[in-house]
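Throughout, read-outs are computed from the coordinates displayed, never taken from laboratory work. What you are looking at is a predicted structure, and each value in this text was computed from that prediction instead of being measured. Note that each Cβ is placed from the backbone with ideal geometry, even for glycine, and that neighbours are counted across all protein chains shown.
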Amino acid sequence: MIKLINSGVIYSDGKLVKVKSAPNGGKEKTISYKILSAHNTSKDNEKLKIKFDEITSHDITYVGIIQTAKASGLTEFPLPYTLTNCHNSLCAVGGTINEDDHVFGLSAAKKYGGTYVPPHLAVIHQFMREERATCGAMILGSDSHTRYGALGTMAVGEGGPELVKQLLNRTYDIDYPEIVAVRLKGKLRRGVGPHDVALALVAATFKKGFVKNKVLEFIGGGIDGLSMDYRLGIDVMTTETTCLSSVWQTDEKTRAYLAEHGREKGYKRLSPEDGAYYDRAIEINLSKVEPMIALPFHPSNAYTIRDFLSRPFELLRECEIAGQKLLPEGKGEFRLIDKIKDGKVYVEQGVIAGCAGGTYENIAEAQNILGGAAINNADFTLNVYPSSQPVYKGLIDGGYIAGLMESGAVVKTAFCGPCFGAGDVPQNNGLSIRHTTRNFESREGSKPANGQLSAVALMDARSIAATALNGGAITSALDVNYKAKIKKYKFDDKIYKARVFGAVGKADKSANLVYGPNIADWPKMEELKDDLLLKVVSVLTDPVTTTDELIPSGETSSYRSNPLKLAEFALSRKDPEYVSRAKAVKTEGFPKDVPFDSGKTTYGSVVCAVKPGDGSAREQAASCQRVLGGVANIAEEYATKRYRSNLINWGMIPFIVDKNDFKVGEYVYIKGIKQAIISGAEKINAEVLGENKRKITLKIGNLTPTEKEIIIKGCLINYYKSEK
């Protein structure tokens, strides 16, 4: 159903044709080129300096962003900035501090001139779809799933410091990315949903790194048969391929969506010109896509439900082995094969939620499948979270909410919690099926360090409803006979007009920011000296280390506004001794048993890994290390551009090494590191001290002039202060 084309292609007469080299003017004919060049402020279309049209954040990122920008001279928001509240919505967690953050966000919108969306009103990406995205625009968000490509908006998810740069009238600096054509053809069958297409795409590309840091451009006649909810549902999951961004050709359905949401003037016809050149291509035959299931612990661990049910013992046993490795030795046992009963696989929970699952059509069709039948199974629960209050009202008006409730589903307000482990945590050894974005370990809220571990499998809302109809036994929606009759959705803008605070371009500089006791400033970061001495405090040998492992989601959310308290959670699920080791490096001072000049040598800790940074855009995966005295990462490669950018923006050097063979307690000494960064040295000689003394070669990769300065100054905050 998916074909990868690992060569250049041109778009000709609606088809993709392989070519040996790019024709003159070919790349300029893509949608992506036109959008990127329109937002590039440099004179070099290979070295881009992007200024975005808008930015957006939610309530576990905006406090730190605004605090950083304020410390760097912010007086008002120079571009539209939307602050949503969909992650820390459970205000009983952590006492008053979550609501304190919300009050801070509202005060910032008043003082600097922004948009503030109250808790439970909408998840971040649904609000931006409904109210802000337009064709040909670019939006930057401090959430990895910032994707509005189906509306013709090229959106990028990055760490908070990149938003700070936009707030300070700086640019997003990247090399011109490769563009990958994603050609859709055919037509989906009833029962196959957007998550099925998305999971198939992720499974085909992620492990190969096929689209890493590239832009996906969706084209082809297969798009015509997809509703906007389908397109949006596929698009938001492109993040899990590790691509940089995405954009889709637009049509009358795009126009109708924007018109329904009061923004028809934001419509523009976007399509590639004949002869457009793409660096690679993917072809998806929608007619052959089947209902999918992504097993723990990654969206790319995906199979057709048919394949999974043909060999459940084998595949669940593989998940058990992976899960057992997450538990400390002798602390608990992870079991999944006991879900197999009488040839069926039973789960305890279904969840349809967030920017991926909580859309109108997903929920409405799930109710069509249930058809009013009672779940009638005490061991299975179904929880549904509409992605916004307007969607919720539309589902009420259509009778879908009443139907879900009558079937035994629990319907809740807009909240991202099930996506990152702050809501609906299953029991120990439980298995939840979810139409949400991720199923990384502990994304459902379990705590392996305490011997608590449950798991999530991703499925489309349609097959989740089919499973609910079948008493919790995993079932493909293709195996259910139902009529998909979905009433036309009508967007009610009165809901937002009644609650959303909007002051874009109307900053009240006399207003005061309102601080709660948990909102703290960043500690001082030191500049880089001539030489560098690192002590290895953690070695991560997993093939990929996610940002959830670097700094857990869920229970840490309440402390995202307090750098020192948050840092106590760093690597707590992967390496519980990391924090104490890192603190020791910081508090004990320069070691006396190494023959180097402490006066001209920066000393700090380092985390060594194979491939860190997959997943969330959260800057705290890097900043927590920095707060604890971290100065660098050493890795064989970095999973995403955004994690590498976060390291740099927090003054940490993203070293690359051929092999991660370090030991905790070893020292790595790099003489002349400051000059090496200034000169852009491709290779840097280093010496490892310890029982196995050896010389190694490190690389950093290309750094922009600004990135070099940020590292030398010690962090982005220092860099801006030095310019005053």
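Report the charge-dipole magnitude of region 365-451 in Debye, nearest 20, computed about the Cα centre from +1 at each Lys and Arg Cβ and -1 at each Asp and Glu Cβ.
So the magnitude is around 260 debye.
Considering only V180, P543, A71, the residue lying farthest towards the positive end of the dipole of the chain is V180, judged by Cα position with unit charges set on Cβ.
What trypsin sites (Lys or Arg not before Pro) does region 276-358 have in DSSP loop regions with at most 13 other beta carbons within 10 Å? Loop-located and lightly packed - K325, K331. Derived value for region 296-364: Kirkwood hydrodynamic radius 14.2 Å. Basis is the mean of 1/r over every pair of different alpha-carbon atoms. Here is the list for region 193-250: trypsin sites (Lys or Arg not before Pro) lying in DSSP coil, each with at most 15 other C-beta atoms within 10 angstrom of its C-beta, are K207, K208.
Dipole magnitude for region 303-494: about 360 debye, using +1 per Lys or Arg Cβ and -1 per Asp or Glu Cβ, origin at the Cα centre. A Förster radius of 56 Å combined with the Cβ-Cβ distance from K659 to D492 puts the calculated FRET efficiency at roughly 0.45. Length gained on full extension, N450 to K506: 15.3 nm, using 0.36 nm per residue less the C-alpha separation.
Rg and Dmax of region 531-723, both derived from C-alpha coordinates alone, stand at 15.4, 44 Å.
Which FRET efficiency value, to the nearest 0.05, is calculated for K325 and R190 with the Förster distance at 30 angstrom and r the Cβ-Cβ distance? It comes out at approximately 0.15. Normalised by the number of residues in region 531-723, the average gap of Cα pairs under 8 Å and 6 or more apart makes the relative contact order 24 percent. For region 278-289, backbone phi angles converted through the Karplus equation (6.51, -1.76, 1.60; θ = phi - 60°) give residue-by-residue couplings of 10, 6, 8, 8, 10, 10, 10, 8, 4, 5, 9, 5 Hz, Gly and Pro being listed as x.
Note on region 133-276: Cα-only Rg and Dmax are 15.2, 49 Å. Helix-only arithmetic for the chain: the sum of -39500 (n - 2.57) across DSSP H runs with n ≥ 4, divided by the residue total, places the mean residue ellipticity at 222 nm at -8000 deg cm²/dmol.
Loop only per DSSP, at most 15 neighbouring Cβ atoms within 10 Å: give me the trypsin sites (Lys or Arg not before Pro) in region 491-583, ordered by residue number. Filter output for region 491-583: K506, K509, K524.
Projecting the Cα atoms of Q452, P552, V514 onto the charge dipole of the chain, computed from C-beta unit charges around the Cα centre, puts V514 farthest toward the positive end. Volume per residue of the convex hull around the Cα atoms, evaluated for region 648-704, comes out as 90 Å³. What FRET efficiency comes out for A402 versus K344 if R0 is 25 angstrom and r is the Cβ-Cβ distance? Round to the nearest 0.05. Given R0 = 25 Å and the Cβ-Cβ separation, E is 0.25. Note on Cα extents along the principal axes in Å: of the candidates (i) 76, 60, 59; (ii) 98, 54, 54; (iii) 79, 66, 59, the value calculated from this structure sits at (i). Across every direction, the projection of the convex hull enclosing the Cα atoms of region 303-494 has a mean area of 10.7 nm².
Of the beta bridges in the chain, as assigned by DSSP with both residues counted there, near 40 percent are antiparallel.
Put simply, the amide H of S605, placed in the peptide plane, has neighbours under 5 Å in K535, G630, V631, leaving out anything fewer than 5 places away on its chain. By the Cα gyration tensor, region 43-153 has an equivalent ellipsoid whose semi-axes, rounded to whole angstrom, run 25, 18, 12 from largest to smallest. In angstrom, the C-alpha Rg and Dmax of region 450-535 are 26.7, 70. Pairwise Cα distances in region 205-251 exceed 18 Å for 30 percent of all pairs.
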